[in-house]
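The values are calculated or read from the model by the stated rules, or taken from the named source; none is laboratory data. Keep in mind that what you see is a predicted model, and the values were worked out from it rather than measured. Every residue, glycine as well, gets a Cβ built from its backbone with ideal geometry; the counts of neighbours run over all protein chains shown.
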Amino acid sequence: VSEIAIHGRAPWRLRLRCVHTSTRRRETPISKQQQSFTRINDSIRVPQVRLIDAEGNQVGVIDTSKAMELADTAELDLVEVAPEARPPVCRIMDFGKYSFDKEKKAKEARKKGQSLQMKTVRIRTANISAHDLEYRLGHIREFIGAGHRVKISMRFFGRMMAYKDRGREVLEDVATQMKDVAIVDQMPQMEGREMSMILRPQ
């Protein structure tokens, strides 16, 4: 803060501000969400970075200002890819393309996670008819084809507990008929009054 007397009047207080002007040639629009997670260009404020150039070559530890100059020359962005490192690792790249590829991979990962959700097909009785079994096999094949794991379950009530062996045979028969598209992830096993088996896509 500086004080300046003008024509005998009370001194004025002037607040001096440092104005930074950037000569960067490239302005890549980024969202607030991207800014909160990835620092690029002038938002990288550490004095030095470990640089990887646009070709993937290790340049080494250099001043951040020099790294920005190299990014300017290549008409690309300086992107912080490993902020936890000391010094942070930065790479010269097209940040727009980097963000697009990153989001695409995230969507594929989410899609893969969804495809592995469990579907359940219930068989009401160990004495199921051939027609009803064929109907349920169709559902199982449909779920497996969509990339889902399938739990085939069968409950035993009252005197039906005497037919556990028959129930196991039915589930094993299902596994045999699905072997062209699925493999057994869990063999038939009893849990209380329920016997279940899990299949997953090959």
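Show the residue pairs that are 6+ apart or on different chains and have beta-carbon atoms under 6 Å apart, the first residue being within the range 120-138 and over 20 Å from ASP180 (Cα atoms), the second being not in a loop (DSSP other than H, G, I, E, B).
Going by the 6 Å Cβ cut-off, the qualifying pairs are ARG122/SER153; ILE123/MET154; ALA126/TYR163; ALA126/ARG166; ALA126/GLY167; ALA126/VAL170.
For the range 60-125, list the strands (runs of 3 or more DSSP E) that sit wholly inside it and hold at least 2 residues that are within 19 Å of the chain's Cα centre (by Cα) and surrounded by 13 or more Cβ atoms within 10 Å (Cβ to Cβ); which are they?
Numbers: elements: 77-82, 89-93, 118-123.
Of the strands (runs of 3 or more DSSP E) lying wholly inside the range 60-125, those with at least 2 residues that are within 19 Å of the chain's Cα centre (by Cα) and surrounded by 13 or more Cβ atoms within 10 Å (Cβ to Cβ) span 77-82.
Do any residues in the range 183-202 that are farther than 18 Å from GLN117 by Cα and in the same structural domain as GLU169 (by TED's automatic domain parsing) have Cβ atoms under 6 Å from those of residues that are at pLDDT 90 or above and of a type in the set (Ser, Thr, Tyr), where the two are at least six apart or on different chains, and which pairs are they?
Between residues of the range 183-202 that are farther than 18 Å from GLN117 by Cα and in the same structural domain as GLU169 (by TED's automatic domain parsing) and residues that are at pLDDT 90 or above and of a type in the set (Ser, Thr, Tyr), the close pairs are GLU194/SER153.
Okay, residues lined up against (1) of a type in the set (A, V, I, L, M, F, W, C); (2) surrounded by 14 or more Cβ atoms within 10 Å (Cβ to Cβ); (3) farther than 20 Å from LYS119 by Cβ; (4) not assigned by TED's automatic domain parsing to the domain that holds THR125:
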| site | (1), (2), (3), (4) |
| --- | --- |
| ALA146 | yes, no, no, no |
| LYS151 | no, yes, no, no |
| PHE156 | yes, yes, yes, no |
| ARG166 | no, yes, yes, no |
